[in-house]
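*Asks:* Quick one: this structure, given as structure tokens, is what I'll be asking you about.
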Amino acid sequence: MIRDLAYMFLQSRRDPGFSTLGKVTYSVGLILLLVASRTIGNQLLYYIYPAIVLLVELLFLSRLRGHRVVLNGLKLVALFTVISVALTMFFPLPGGARLQPGEAVAGAVRVVAFFLAFTQLFQLITVEEWRGILARIGLRDQAMAFTLALSQLPLTILYFSEALTTVSLKHRGVSKGSILTPLIYHAALSTRSRLEALLQYPVKPVHAELTVVRPRDAHLYLVLATLASLLMLDAVF
């Protein structure tokens, strides 16, 4: 499941046909809508709105990456979300109110929807576009370091998965703290290899052309407008 999670932070090879501004607006817009949905007064809409946003995200990413990649990547997140919700429901903190089933389900769905909206920032926006965005806002020096770290994030998660598998197979019954040894070993090798590659072939400050408008952006804005209209209807009624 950890390996599948790593694929959620990889950019799709297919060009979705959206502009840079459209992709940023869509991903950030979903996050802001989920935050705003906490203030919904209508009880029915309060519970079903996170599910609507999650369904939209699943349909969008399934079309972009394939439904198996998306569902497999959500396994670990869904598992930890269910465990945390169950613990909160049945073992509340001292002095805290017990979480109601409806609130628990809505909260769990909202967490998963937040996660998908966050990963879309990495699945839709290319590394070159991130570099260009940071350079445009005055972070030219930090852009290179950020994008290099960003490119290593999926690989680091894969190393963690391999280290966990190694410890589980070879050291049954041993504390999971021993996973740090192979993980640090993998990190050291990866860092050395990357440093040698950078010394021999320095990274050129190439920035992708940041696009503002492309024809398919209308689909993204239509989705955001539809979801936002539901919140506006709640405010009116």
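The values are calculated or read from the model by the stated rules, or taken from the named source; none is laboratory data. In this text the structure is predicted, and so the values were computed from the model without any measurement. Counting neighbours? That spans all protein chains shown, and the Cβs are built from the backbone with ideal geometry, glycine included. Ligands, DNA and RNA are stripped out before the accessible areas are found, and what is left, the full protein with its side chains, is counted by its heavy atoms. Shrake-Rupley method; radii C 1.70, N 1.55, O 1.52, S 1.80 Å.
*Asks:* Regarding residue 111, is this residue part of a helix (DSSP H, G or I), over 21 Å from residue 219 (Cα atoms) and of a type outside the set (S, T, N, Q)? Spell out the reasoning first.
*Replies:* Values: part of a helix (DSSP H, G or I): yes; over 21 Å from residue 219 (Cα atoms): yes; of a type outside the set (S, T, N, Q): yes.
So residue 111 passes the test.
*Asks:* Take residue 64 and decide whether it is at pLDDT below 85 and either touching a Phe, Trp or Tyr at 6+ places or on another chain (Cβ under 9 Å) or farther than 30 Å from residue 209 by Cα (or both). Quick ask: steps written out before the conclusion?
*Replies:* Numbers: at pLDDT below 85: yes; either touching a Phe, Trp or Tyr at 6+ places or on another chain (Cβ under 9 Å) or farther than 30 Å from residue 209 by Cα (or both): no.
Answer is no for this residue.
*Asks:* Name the residues in region 25-75 that are in a helix (DSSP H, G or I), open to solvent by 20 Å² or more (accessible area, probe 1.4 Å) and touching an Asp or Glu at 6+ places or on another chain (Cβ under 7 Å), would you?
*Replies:* 45, 72, 75
*Asks:* Mind listing whichever residues of region 40-79 are more than 15 Å from the chain's Cα centre (by Cα), without any contact (Cβ under 8 Å) to a residue 40 or more places away in the chain and over 24 Å from residue 220 (Cα atoms)?
*Replies:* 43, 44, listed by residue number.
*Asks:* Next question, about the same structure. Please tell me if residue 105 is within 15 Å of the chain's Cα centre (by Cα) and farther than 16 Å from residue 20 by Cβ.
*Replies:* When the stated conditions are applied, residue 105 does not pass them.
*Asks:* Let me ask something else. Since residue 118 meets every condition but one in (1) within 18 Å of residue 75 (Cβ to Cβ); (2) modelled with pLDDT of 70 or more; (3) buried (at least 17 other Cβ atoms within 10 Å of the Cβ), which condition does it not meet?
*Replies:* Looking at each condition in turn, residue 118 falls short on (3).
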